[in-house]
1. Based on Cβ point charges of +1 for Lys and Arg and -1 for Asp and Glu, what charge dipole magnitude is obtained for the chain about its Cα centre, in debye rounded to the nearest 20?
2. For Y473, list long-range residues whose amide hydrogen, built 1.01 Å from N in the peptide plane, is under 5 Å from its own amide hydrogen.
3. Report relative contact order for the chain in percent, whole number only (criteria: Cα-Cα under 8 Å, sequence separation at least 6).
4. Projected onto the charge dipole of the chain (+1 at Lys/Arg Cβ, -1 at Asp/Glu Cβ, origin at the Cα centre), which of L390, Q89, N105 gives the Cα projection farthest towards the positive end?
5. In degrees, nearest 10, range 0 to 90: what is the angle between the Cα axis of helix 194-211 and the longest Cα principal axis of the chain?
6. According to the square roots a ≥ b ≥ c of the eigenvalues of the Cα gyration tensor, what is the shape class of segment 283-382, taking rounded for a/c under 1.5, prolate for a/b larger than b/c otherwise, and oblate for the remainder?
7. Along its three principal axes, how long is segment 92-144 when you only count alpha carbons? Whole Å, largest extent first please.
8. Expressed as an acute angle from 0 to 90° and rounded to the nearest 10, what is the orientation of the C-alpha long axis of helix 418-462 relative to the principal long axis of the chain?
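Laboratory data are not the source of any read-out in this text; all were calculated from the coordinates shown. All values reported here derive from a predicted model rather than from experimental measurement. Glycine gets a Cβ as well: all are built from the backbone with ideal geometry, and neighbour counts include every protein chain shown.
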Amino acid sequence: MDSVSKKPDSCAPGSRLIRSFGHLFCLLFCLSFSSVFAQTADLASVGQATVPLNGTWYFHPGDDPLWANPGFNDSRWELIHADRPWEAQGHYGLQGFAWYRLHLNSPANPALPLAVYFPAVDSSCEVFWNGRPAGGYGRVPPQPTWFLTSSPFTVSLGTAQPGVLAVRVWKAPIAFANQPAEGGLLGTPLAGSADAIHSLFGEFWGTWLRANFLTLAIPFLSALLSVFAFLFWLRDRSRLLLLWLTIALIYPLLMLPTFTPGSISFRLGYGLIAPVIGANDAAIWLLLLDLLDLHDFPALVRWTRIAAFLEFFIDLLDGSLQLIDWSQHSSSLFLTLDVSLTILPIALELWGVVIVIAALRRKLDAPRWFLAITALLAELLQAADDYGTLGTRWTHFTYQELYLRPPIFSLFGTGLTLRTIVNTLLLAAILFMVWRYITEQTRQRNDLERELRSAREVQRVLIPDSVPPIAGYSLSTAYLPAREVGGDFFQIIPLDKDASLVIIGDVSGKGLQAAMTVSLLVGAIHSTIETTTEPAQILAALTRRLYGRLAHGFATCVILRLGPGNCVTAANAGHLPPILNGQEWELPPALPLGLDPDATYDEVTLHLPANSRLMLYTDGILEARRQDGELFGFERTLAAASLPAAEAASLAQTFGQDDDITILTLAAIS
């Protein structure tokens with residue numbers, strides 16, 4: 001286990017004389033520059049100050065528990081510096097275990113509690129002092145734990161004494177996002193009193209917090225806004241824009257652990273970072289479609305949805321690789337899969353540019369121009385940084401380190417990079433546009449509410465709350481619109497000579513448009529009966545008046561003329577036939593109103609015996625539907641014909657109302 005992969009010149013084989021001169025030279029060299037190049041660190045000055053362990057350390061790839069032993073002979077080991085990774089010192093591509101060893105002499109005060117401060121390590125390690133475990137960072141295999149961003153750590157060595165400090169370092173498998181030189185100790189360790197080392201640890205976090213004040217404040221402010229956006233979306237889930245906004249606003253907080261030292265394990269962080277970025281990209285694209293008013297480009301909308309799905313799905317697959325502990329499997333297979341599942345999402349990041357270019361071809365107002373330009377810059381900077389960063393290890397691109405990441409200026413001690421500034425402007429532009437969009441939608445909704453209130457007032461006049469008595473009949477009615485206003489209608493119109501007209505109908509469509517058609521139709525009925533009261537003639541006049549005025553729609557209608565002696569004359573224009581004494585009363589078929597101006601209608605006359613029961617209804621009762629999909633249907637409608645109108649309508653509504661329900665029942669009492 002003592003073999004080395006690389007030997008320094010001072011240990012090369014040769015004659016005894018040459019070796020003696022070499023040892024003498026090394027001894028003189030180390031004594032002259034012990035504070036810089038020494039495998040034995042001088043702790044004589046340790047007190048309230050700290051001593052940098054910045055000399056060369058003994059280093060050996062591989063793993064052997066004996067290497068923690070202070071008596072182990074490490075003189076033939078390679079010499080390496082602890083202030084930079086081992087890949088930068090001749091061990092490119094080294095993964096797995098390697099050991100560092102450094103000999104420490106006694107401090108001036110032997111009663112002083114001694115500790116060591118390590119700035120960073122890649123990936124995890126165990127620290128031994130004189131052969132005994134003293135601490136570490138993360139966990140080494142067989143169940144490794146390491147962090148996405150390394151943080152400082154300290155180990156206590158107990159009462160000061162001379163000895164050997166041994167560090168067993170484990171380097172995780174290479175990922176696509178790895179930098180050109182990694183592995184091992186990444187900064188000069190410092191030795192000193194426990195109090196001094198503890199102060200260093202606190203100083204690091206104080207400096208980091210001051211330097212990242214705004215970087216930390218923005219994610220939490222953004223997350224607070226995302227909560228409000230999510231709550232507003234819960235109130236109205238038809239506004240998907242608020243859901244996309246929620247995802248975009250929570251993104252900075254979810255990304256916060258990726259640059260906070262020691263805050264998240266590598267496997268969890270690396271597994272989440274790709275899906276989080278993918279979800280944010282998809283949300284931003286879908287937001288831009290709404291905010292830049294691009295929904296009238298169906299091809300762009302369709303391909304944006306496809307790109308959003310692919311971006312998130314492939315990133316999710318990439319993140320799911322971390323469900324496997326690749327330290328126990330083929331690291332080359334993991335790297336191959338990681339690269340394969342990262343390249344396409346990086347390419348798709350430029351889809352936002354396509355959306356913005358499409359928007360720039362339109363006439364935009366100033367806020368939309370600002371949103372489009374900031375979105376374009378943000379997408380280009382994101383893609384440029386990702387292309388550079390994720391290929392740095394192999395392409396050696398450095399432009400992102402030279403131009404994208406250095407701060408342009410500082411604000412409250414926080415250095416603001418170009419990407420930070422552009423992303424903040426984009427967030428502000430999105431929030432303003434969403435506020436304006438919601439304000440506009442609220443105004444339109446209020447206008448629609450006012451129109452609906454007006455329509456309800458009109459319909460309240462058109463659909464009578466109370467009906468006039470009809471001699472010889474007991475009459476009951478029920479009207480249950482499926483929406484604020486409906487397309488069903490009925491009219492009870494007394495005539496001279498003890499006669500009355502009973503009319504029921506249904507206009508195609510729903511909502512406000514149907515209600516306006518109903519008002520047109522009822523007005524036409526009242527003007528028509530001034531010249532004729534015969535059902536067939538009324539229907540023929542109505543279809544002439546309505547032709548070309550229903551916007552490709554139509555209306556169905558049944559008209560009954562109730563005369564003396566229970567004589568009933570009926571005509572039907574495409575409506576459901578009445579139910580007479582539990583059976584369907586077949587009327588001559590005919591086209592609905594408004595389809596053919598030359599349509600004619602036939603009449604049927606019937607004398608109703610005493611106690612006869614007649615029900616007129618619209619298709620809302622037939623089409624009432626339960627949650628399992630079953631319809632109320634014709635058989636239940638026949639059974640309900642024996643009930644008063646209100647009870648029959650309530651029965652269908654409870655079953656599951658989908659459409660307007662209107663029912664009129666007539667019972668002959670003489």
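1. 1960 debye
2. I669
3. 8 percent
4. Highest projection toward the positive end goes to N105.
5. Compared with the principal axis, the helix lies near 40 degrees.
6. prolate
7. So the three principal-axis extents are 41, 24, 21 Å.
8. 10 degrees
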